[in-house]
Amino acid sequence: MKVAGFTFIRNAARNDYPVVEAITSVLPLCDEFVVALGNSDDDTEKLIEGINSPKIRIIHTIWDDSLRDGGTVFAKETDKAFAAISSDADWSFYIQGDECVHEKYLPLIKKEMEENLADERIEGLLFKYLHFYGSYDYYGHSRRWYRREIRILRNKKGVYSYRDAQGFRIDGRKIQVKLIDAYIYHYGWVKPPAGLKNKLLNFNQFYHDDKWINENLPETFEFDYKNADRLIAFSGSHPAVMQKRIAATNWKLEIDLATLAKKMTLRRRLLQKIEDLTGWRISEYRNYKIVKK
């Protein structure tokens, strides 16, 4: 069984993305790893080279900055990375620059790839998610946050990144997957308030035009955490690759969780209660089709 990892990144140093941690968290499972490195104006390439692994292969890309609708450019860059993996790879492991896999899940993930390799019905493996928010001490858990997404794909022609690179499709249809009991730790929203403000400004330039940004994110804009919706204290451990970054944290999230929860509408509270009691997320968007085995 051959596994090829892949990701895309641009200006990771300037935007404080834990891309080194992301890559190294899945590297033990990969025989090769392709990084589509966009035209950066910081030390991102040095960061990647600093991992010092013969498995890693960098391909240089140029982002189309004219694509400012729905994060399309992220999907285009993901496709470039996927197209560059070796043709003889059986599985491809996709990780974004702000995601990590805890080392405790690596044996299970490897086992799932091995056991499902011969089952052609399984075109991908579906992961659960923990979306950390504001600090490493809390994660968002509500209908605002997607619960699952595909991160391992069978290396097949016709696979392409969908919409803003959150998930994938194949030949215009949803990918058939197996849900596995492993989590992706998402750290994209773990920054101090000033950092989150900069994230929104940078992030939204790939979704909206200048007029929208000036109207919705003016220079006087201050990040207020209102889109968190519902935060839960995290009592587990973070991946080993993240420990150095976590130890260097120099801010504390000052937020009243009770007040935050009151901002949920009655409808959202009711739907969340149903999910908490039954595990059923009513009308959940699913960019995949779970195979019943």
Check: Mind checking whether some residue in segment 169-188 is small (Gly, Ala, Ser) and within 30 Å of Ala247 (Cα to Cα)?
Finding: yes
Notebook entry, point to check: Based on what the data block shows, is Glu45 in contact (Cβ under 8 Å) with a residue 12 or more places away in the chain, among the charged types (D, E, K, R), farther than 28 Å from Tyr288 by Cα and out of contact with any helix residue (DSSP H, G or I) (no Cβ under 7 Å at 6 or more places or on another chain)?
Noted result: yes
Note to self: Residues to consider are Lys244, Lys252; find the one that is more than 28 Å from Val26 (Cβ to Cβ), exposed (fewer than 14 other Cβ atoms within 10 Å of the Cβ) and not β-branched (Val, Ile, Thr).
What the structure shows: Lys252
Notebook entry, point to check: Restricting attention to segment 255-293, which residues are surrounded by 10 or more Cβ atoms within 10 Å (Cβ to Cβ), closer than 16 Å to Asp224 by Cβ and not β-branched (Val, Ile, Thr)?
Noted result: Leu257, Leu260, Ala261, Lys263, Met264
Check: If you scan segment 32-50, which residues turn out to be surrounded by fewer than 16 Cβ atoms within 10 Å (Cβ to Cβ) and under 29 Å from Lys104 (Cα atoms)?
Finding: Lys46, Glu49, Gly50
Margin query: Just checking, does segment 109-118 include any residue being among the small types (Gly, Ala, Ser) and either closer than 23 Å to Tyr187 by Cβ or touching a residue at least 40 places away in the same chain (Cβ under 8 Å) (or both)?
Written below: no
Margin query: I'd like to check something: does segment 112-124 contain any residue that is of a type outside the set (Val, Ile, Thr), assigned to a strand (DSSP E or B) and in contact with a Phe, Trp or Tyr (Cβ under 9 Å, 6 or more places away or on another chain)?
Written below: yes
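Listed here are the residues, each with its yes/no results for (1) under 17 Å from Cys100 (Cβ atoms); (2) crowded, with 18+ Cβ neighbours inside 10 Å; (3) of a type in the set (Phe, Trp, Tyr); (4) in contact with a helix residue (DSSP H, G or I) (Cβ under 8 Å, 6 or more places away or on another chain).
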site	(1), (2), (3), (4)
Leu125	yes, yes, no, yes
His131	yes, yes, no, no
Arg148	yes, yes, no, no
Lys157	no, no, no, no
Val177	no, yes, no, no
Next item on the list: May I ask you to list the residues in segment 235-281 that are modelled with pLDDT of 90 or more and in contact with an Asp or Glu (Cβ under 8 Å, 6 or more places away or on another chain)?
Entry: Pro239, Ala240, Val241, Met242, Arg245, Arg281
Notebook entry, point to check: Mind checking which residues of segment 266-290 are more than 24 Å from the chain's Cα centre (by Cα) and hydrophobic (A, V, I, L, M, F, W, C)?
Noted result: Leu266, Leu270, Leu271, Ile274, Leu277
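The values are calculated or read from the model by the stated rules, or taken from the named source; none is laboratory data. Remember, it's a predicted structure, so these values are computed and weren't measured experimentally. Cβ sites come from the backbone with ideal geometry, for glycine too, and all protein chains shown count toward neighbours.
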